[in-house]
1. Got a number for residues in the stretch 20-60 being modelled with pLDDT under 90, surrounded by 12 or more Cβ atoms within 10 Å (Cβ to Cβ) and either among the hydrophobic types (A, V, I, L, M, F, W, C) or part of a loop (DSSP other than H, G, I, E, B) (or both)?
2. Only residues in the stretch 73-102 that are among the aromatic types (Phe, Trp, Tyr) and in a strand (DSSP E or B) count as the first member; pair them with residues that are surrounded by fewer than 13 Cβ atoms within 10 Å (Cβ to Cβ) and modelled with pLDDT of 90 or more, Cβ under 9 angstrom, at least 6 apart or cross-chain, and list the lot.
3. What tally of residues in the stretch 14-41 results from selecting those that are closer than 11 Å to residue 100 by Cα and out of contact with any Leu (no Cβ under 7 Å at 6 or more places or on another chain)?
4. What are the pairs with Cβ atoms under 6 angstrom where one residue, in the stretch 20-31, is within 16 Å of residue 81 (Cα to Cα) and the other, located anywhere, is of a type in the set (Ser, Thr, Tyr)? Sequence gap at least six, or different chains.
5. Take residue 65 and decide whether it is at pLDDT 90 or above, over 17 Å from residue 131 (Cβ atoms) and part of a strand (DSSP E or B).
6. Restricting to the stretch 61-72, give me the number of residues that are in contact with a Lys or Arg (Cβ under 9 Å, 6 or more places away or on another chain) and either loosely packed, with under 13 Cβ neighbours inside 10 Å or touching a residue at least 60 places away in the same chain (Cβ under 8 Å) (or both).
7. For the stretch 90-105, check the following and say yes or no: at least one residue is under 24 Å from residue 20 (Cα atoms) and in contact with a Phe, Trp or Tyr (Cβ under 6 Å, 6 or more places away or on another chain).
8. Could you go through the stretch 101-111 and let me know if any residue there is over 11 Å from the mean Cα position of the chain (by Cα), closer than 22 Å to residue 12 by Cα and among the hydrophobic types (A, V, I, L, M, F, W, C).
Amino acid sequence: MSATAVADNSSQILVFSLLEEKLSKRMDYGVDVSQVQEIGLLENISMVPNAPAYVKGVMNLRGKIITIIDVKEKLGFQAIKEVNASTRILIVGVGSTLTGLLVDEVDEVMRIPASDIEPNPASVAETSPYVKGIAKIHDRLIVILDLKMLLGGAEGMEAGR
């Protein structure tokens, strides 16, 4: 059970959106709020030579070098083309590593009952190991990401492996 699971068997999830411009569609994703250190604006990023396309570069966050990952591109969608007033960086921690996740917009923190979260469908599990589950909230689906799986490659790069 996660650190944010409470006695009523629910989880606190930070919900953010990725916008698919071709389809004019908004896709909702979430991460466990206990893994989010802060939410910030995109600042000066230095590109890293020969990094994977989804790694946008690194930034200095109060003396710490943070790798910035475009979540859309990491998930196989078209990269964020234009940074606007809604674009945010989620500074997340997995183990002792901090990473910045570039997202189109941050929506809210929701308490989601475990009964509203379906496990990752078997047909999707093999192709999307980053998906922890899918929450059904009214007419909305929120794909909950497994940050440990999503950031596995970035962690190794940042640690110099």
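1. Final tally of qualifying residues: 2.
2. none
3. 3
4. Hits for this filter: 26/17.
5. In short, yes.
6. Residues flagged as in contact with a Lys or Arg (Cβ under 9 Å, 6 or more places away or on another chain) and either loosely packed, with under 13 Cβ neighbours inside 10 Å or touching a residue at least 60 places away in the same chain (Cβ under 8 Å) (or both) within the stretch 61-72 amount to 2.
7. Yes, the stretch 90-105 has at least one match.
8. The answer is yes, given that some residue of the stretch 101-111 is over 11 Å from the mean Cα position of the chain (by Cα), closer than 22 Å to residue 12 by Cα and among the hydrophobic types (A, V, I, L, M, F, W, C).
The values are calculated or read from the model by the stated rules, or taken from the named source; none is laboratory data. In this text, all values refer to a predicted model and were calculated from it rather than measured experimentally. Every residue, glycine among them, receives a Cβ derived from its backbone with ideal geometry; neighbour counts consider all protein chains shown.
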